[in-house]
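Below is one structure, written out as structure tokens; comments come after it.
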Amino acid sequence: MTTRHDTAAEAHAAPKEAWDAIAEGYDRFVAPQEAGLAGEALRLAGLRTGERFLDIAAGTGGLALPAARLGARVLATDWSAAMIERFLARARSEGLTDIDGRVMDCHALDLPDDTFDLTGSLFGVMLVPDQPRALAEMVRVTRPGGRVLLVTYGAPPELEFLPFFISALRVVVPDFPGLPEDPPPLEFQVSDPAVLGRRLTEAGLRDVVVERSAECPEFQSGQEMWDWVYHGNPIPGMLVDGLTEEQREMMRRVLDGMVRERIGSNGKAVLTNAVNIGIGVKR
């Protein structure tokens with residue numbers, strides 16, 4: 001049975017071509033800002049040297065690269081071929097071994113049951129239209145006693161970058177209504193820690209915990225913030241798709257003013273975005 005929420009989620013989901021289009025920018029502008037949070041999440045999940053680690057909806061390797069640097073045996077999957085190409089190029093450039101990448105839809109993983117010690121996703125599975133199905137697949141391929149890790153955004157009011165970007169957008173589109181609430185954008189389907197914990201439990205995990213943390217991207221200019229937001233996922237691109245280049249430039253100037261007002265003694269503006277880190281053990 002297809003519910004209204006399911007249909008709306010499918011409508012808001014970006015096609016793989018949209019992810020291919022932002023892969024270069026994601027690798028350049030977004031992935032470097034994720035490293036600290038990725039390391040924290042892997043520590044909380046107890047990743048150990050030699051363990052088999054699977055990164056789902058991995059992008060250019062947000063969890064996979066840090067896991068490989070810690071000595072895990074890594075497979076990264078994403079349905080965007082361009083993202084996987086970038087990931088593999090990065091792995092080769094660092095000389096990382098025992099690491100691979102494959103193009104794969106997280107709703108139907110072409111992988112055997114009970115294989116990985118830790119299966120994780122950083123800002124990936126939070127965006128898929130059928131999250132329960134993707135979580136069930138993550139659990140299926142994890143060995144009994146292994147762990148599943150999901151990192152997601154908190155609620156919109158807890159994300160400092162959102163009012164920056166929306167305020168700049170409203171300068172050129174004054175009647176922009178803001179983010180939809182029913183259903184919310186896919187990023188926020190498990191922004192409530194209780195909802196995230198419940199979904200992990202319903203997927204077949206025990207000893208579920210949800211830790212609260214923060215992503216703290218740093219910017220020196222409005223252009224840097226624009227690049228980070230625009231290439232983070234295809235949804236911001238959809239919001240500005242109808243704008244002229246002049247309007248986009250105006251947005252960047254507005255962002256530049258806001259960023260410069262926040263610059264601290266280190267020469268950077270640091271924004272704090274709430275994050276949920278959910279971890280459970282496969283029964």
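The values are calculated or read from the model by the stated rules, or taken from the named source; none is laboratory data. Note that this is a predicted model, so its numbers are computed, not measured. Heads up, the Cβs are rebuilt from the backbone with ideal geometry, glycines too, and the neighbour counts pull from every protein chain shown.
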Count - residues of the stretch 117-143 that are hydrophobic (A, V, I, L, M, F, W, C) and either closer than 18 Å to Arg69 by Cβ or part of a loop (DSSP other than H, G, I, E, B) (or both) = 5
ask   = Looking at the stretch 64-90, which of the residues that are outside any helix (DSSP H, G or I), free of Cβ contacts under 8 Å to residues at least 60 places away in the same chain and under 16 Å from Asp105 (Cβ atoms) is farthest from the chain's Cα centre (by Cα)?
value = Leu75
message = So, in the stretch 34-80, exactly how many residues are among the acidic types (Asp, Glu), surrounded by fewer than 24 Cβ atoms within 10 Å (Cβ to Cβ) and farther than 19 Å from Arg102 by Cα?
response = 1
query = Any residue at all in the stretch 249-267 that is in a loop (DSSP other than H, G, I, E, B) and crowded, with 16+ Cβ neighbours inside 10 Å?
reply = no
message = With the structure loaded, tell me whether Val229 is in a helix (DSSP H, G or I), touching a Leu at 6+ places or on another chain (Cβ under 9 Å) and either more than 16 Å from Gly124 (Cα to Cα) or aliphatic (A, V, I, L, M) (or both) or whether it fails that test.
response = yes
ask   = Since Glu224 meets every condition but one in (1) of a type in the set (D, E, K, R); (2) surrounded by fewer than 17 Cβ atoms within 10 Å (Cβ to Cβ); (3) closer than 23 Å to Leu63 by Cα, which condition does it not meet?
value = (2)
ask   = Only one residue in Thr97, Thr115 is among the β-branched types (Val, Ile, Thr), free of Cβ contacts under 8 Å to residues at least 60 places away in the same chain and surrounded by fewer than 22 Cβ atoms within 10 Å (Cβ to Cβ), so which one is that?
value = Thr97
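Which residue out of Thr60, Thr49 is closer than 20 Å to Met126 by Cα and among the hydroxyl-bearing types (Ser, Thr, Tyr)? Walk me through it before giving the result.
Numbers: Thr49 fails: closer than 20 Å to Met126 by Cα.
Going through Thr60, Thr49 in turn, the sole match is Thr60.
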remark   = Note: among Arg206, Arg283, Arg170, just one is without any contact (Cβ under 8 Å) to a residue 40 or more places away in the chain and over 24 Å from Glu24 (Cα atoms), namely Arg170
Matching residues, the stretch 147-164, being over 15 Å from the mean Cα position of the chain (by Cα) and of a type in the set (S, T, N, Q) = none
query = Of the residues that make up the stretch 120-135, is at least one surrounded by fewer than 22 Cβ atoms within 10 Å (Cβ to Cβ), hydroxyl-bearing (Ser, Thr, Tyr) and either touching an Asp or Glu at 6+ places or on another chain (Cβ under 9 Å) or within 20 Å of Glu51 (Cβ to Cβ) (or both)?
reply = no
Selection status of Ser93, within 19 Å of the chain's Cα centre (by Cα), polar (S, T, N, Q) and not in a loop (DSSP other than H, G, I, E, B) = no
key: Of all residues in the stretch 29-51 being out of contact with any strand residue (DSSP E or B) (no Cβ under 9 Å at 6 or more places or on another chain) and either of a type in the set (Gly, Ala, Ser) or assigned to a helix (DSSP H, G or I) (or both), the one that is farthest from Ala72 (Cα to Cα)   = Phe29
note = Checked the stretch 165-213 for anything modelled with pLDDT of 95 or more, within 30 Å of Val281 (Cβ to Cβ), in a loop (DSSP other than H, G, I, E, B) and over 18 Å from the mean Cα position of the chain (by Cα); matches are Ala203, Gly204
